[in-house]
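These notes concern the structure reproduced below.
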Amino acid sequence: MDAEVKKLLLDTKKFVDKKIKLKGWIRNNRSQKEFGFIDLNDGTAFESIQIVYEDKALENFKEVAKFNVGSAISVEGKLVLTPNMKQPFEVKAETILLKGGSLEDYPIQPKRHSREFLRENAHFRSRTNLFNAVFRVRSVVSFAIHRFFQERNFIYLHAPLITANDAEGAGELFQVSTLDSEKPEKDFFNDFFGKKTNLTVTGQLQAEAFALAFSKVYTFGPTFRAEKSNTPRHASEFWMIEPEVAFFDLKDNMELAEEMIKFIIDDLFKNCQSELEFFNKFVEKGLIEKLKNVQTKTFIRITYKKALEILKKHNEKFTIKAAEGNDLATEHEKFLTKHFGGPVFVTDWPKDLKAFYMRLNDDDETVAAMDLLVPLAGELIGGSQREERLDYLEKRMEEMNISDKDLWWYKDLRKYGGNKHSGFGLGLERMIMYVTGVDNIRDVIPFPRTPKHCEF
Ligand code: 4AD
Ligand code: MG
């Protein structure tokens, strides 16, 4: 019977005492004179399977005993239960064939490697327990997010990756051009699109257009930011999920975000138990309890003003002093999540700290914005109610020097059936950091892109 490790684990009974066939890579090979053990991993599950091989059963025992770690093999043998051992079963090999040898200098030997070393070997690191677990969680979380929105009648929108807008107005753009970089043309009229274009920093503006047709939509795709910040939480290419909902205000928006986070965690407990236990033991002690807590508690909601009151009382603790009108620093975010013991929505931010499209509050000073802060990952979500009043929007764009040349269509949305609407962006990598305890964004994205780094 052709098998894979995941199937063996899920449906062990079906395979007991049957002859099965497995293919995978050797994690470890310990041989003695007359028998040996191979830890085989095929990546379908977190667990490796122990293969027992004996001189008397294998013609090629001597060769198998020398198969290097990292080799690809196929195994035929019988699945037997091992009730007294750590693993529930093992495979007694009848044949073991080499499908692809591995050299002795294979970098991923069965021992502890530093994260930095593994980053330099990103093409192999998924063959370790840690990265096997991280990237399966990434896959499971992605699917759960789709399910969350699909079950609630959201339409999945593929927002364009090349655009002429700087939708966040932060100027952190990767230019897209086919002009010869040696001889750059002065005007973009001669460039491929006949105008200046860049990789998108957000799919939000297009999502707004779709929300005003489908009521409820979400994007799920890569976004690009040429931020020069070399931090454990910033990548130049990252994936964002951006729901956008017509007739939603900021309060509805936060409720949706909270429900989504809880749904994802719920799903992880159902589908990634082994992975969570591994992270809990080796990456972040107390992770499981932290996540269980998130599931049961209502997230805290405080205004920016209130957050500052709290922070200012503890200013002696901070290197960067909290001050009215300033953005929150990482240490402030950390303090707040610790203070409240979990996720915190900070709402109603000073307008000058936020993007042009956010709805101005009646105080004329703050906007209907929310950031969700969590321990470890910091700002997990950024969102807002959008400015649906054309005159307010135009005024804000003018104040912030945002040209309406390429945003005529965005303004149109306010003229034809425009209404109250809201949305947010969840950074997928930050979510993975939060649920795995892995504290560097470079270790939750398969092949990370960060300033001065574009290997693989
Ligand atoms: O707060 P941001 O910039 O919000 C937006 O882009 C809005 N258009 C979202 C919306 O309302 N539809 O980014 C949203 C989230 C952040 O909270 C963070 O989780 C993540 O995206 N993020 C990054 N993740 C990794 N690396 C970076 N450089 C990131 N910048 C933002
Ligand atoms: Mg933000």
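The values are calculated or read from the model by the stated rules, or taken from the named source; none is laboratory data. Everything numeric here is computed off the predicted structure, so don't read it as measured data. Note: ideal-geometry Cβ built from the backbone for every residue, glycine included; neighbour counts use all protein chains shown. To get the accessible areas, we keep the full protein, side chains included, count just its heavy atoms, and leave off ligands, DNA and RNA. Shrake-Rupley method; radii C 1.70, N 1.55, O 1.52, S 1.80 Å.
Descriptive notes on the structure:
- Count of residues meeting criterion [more than 10 Å from ASP443 (Cβ to Cβ) and part of a helix (DSSP H, G or I)] in segment 117-130: 5
- Single residue of segment 40-52 satisfying the filter (free of Cβ contacts under 8 Å to residues at least 60 places away in the same chain and part of a strand (DSSP E or B)) that is farthest from PHE89 (Cα to Cα): LEU40
- Extreme residue, farthest from ASP249 (Cα to Cα), among residues of segment 365-424 that are open to solvent by less than 30 Å² (accessible area, probe 1.4 Å) and among the hydroxyl-bearing types (Ser, Thr, Tyr): TYR410
- When the criteria are applied in full, PHE299 meets the requirement of being within 16 Å of ligand 1 (Cβ to nearest atom) and surrounded by fewer than 20 Cβ atoms within 10 Å (Cβ to Cβ).
- Residues that are over 25 Å from the mean Cα position of the chain (by Cα) and away from ligand 2 (no atom under 16 Å from the Cβ) do not occur anywhere in segment 373-386.
- Selected residue (only one of PHE131, PHE124 is in contact with a helix residue (DSSP H, G or I) (Cβ under 6 Å, 6 or more places away or on another chain) and surrounded by 14 or more Cβ atoms within 10 Å (Cβ to Cβ)): PHE131
- Which numbered condition GLY425 fails, given (1) of a type in the set (Gly, Ala, Ser); (2) closer than 25 Å to PHE345 by Cα; (3) modelled with pLDDT under 95: (3)
- Evaluated against (1) open to solvent by 20 Å² or more (accessible area, probe 1.4 Å); (2) in contact with a Phe, Trp or Tyr (Cβ under 7 Å, 6 or more places away or on another chain); (3) of a type in the set (A, V, I, L, M); (4) closer than 26 Å to THR231 by Cα, LEU353 falls short on exactly one condition, (2).
- Wholly enclosed strands (runs of 3 or more DSSP E) of segment 159-273 bearing at least 1 residues more than 20 Å from LEU372 (Cβ to Cβ), within 16 Å of ligand 2 (Cβ to nearest atom) and open to solvent by less than 80 Å² (accessible area, probe 1.4 Å): 216-224
- In segment 93-117, residue nearest to the chain's Cα centre (by Cα) [restricted to those that are in contact (Cβ under 8 Å) with a residue 40 or more places away in the chain and crowded, with 16+ Cβ neighbours inside 10 Å]: SER102
- Selection of segment 274-285 for residues being in a helix (DSSP H, G or I) and either of a type in the set (D, E, K, R) or closer than 21 Å to ILE381 by Cβ (or both) yields GLU275, GLU277, LYS281.
- ARG430 vs. criteria touching a His at 6+ places or on another chain (Cβ under 6 Å) and within 16 Å of ligand 2 (Cβ to nearest atom): no
- Filter result (free of Cβ contacts under 8 Å to residues at least 40 places away in the same chain and over 21 Å from PRO107 (Cβ atoms)) within segment 10-39: LEU10, ASP11, LYS13, LYS14, SER31, GLN32, LYS33, GLU34, PHE35, GLY36, PHE37
- Evaluation of ALA323 against (1) small (Gly, Ala, Ser); (2) modelled with pLDDT under 95; (3) surrounded by fewer than 20 Cβ atoms within 10 Å (Cβ to Cβ) (one fails), failing number: (2)
- Subset of segment 302-313 [farther than 11 Å from THR347 by Cα and either of a type in the set (D, E, K, R) or open to solvent by 50 Å² or more (accessible area, probe 1.4 Å) (or both)]: GLU309, LYS312, LYS313
- Verdict on ILE145 being open to solvent by 30 Å² or more (accessible area, probe 1.4 Å) and either farther than 24 Å from LYS354 by Cα or at pLDDT below 95 (or both): no
- Selection from segment 190-217 of residues that are within 20 Å of VAL245 (Cα to Cα), within 13 Å of ligand 1 (Cβ to nearest atom) and free of Cβ contacts under 8 Å to residues at least 60 places away in the same chain: VAL201, GLY203, GLN206, PHE210
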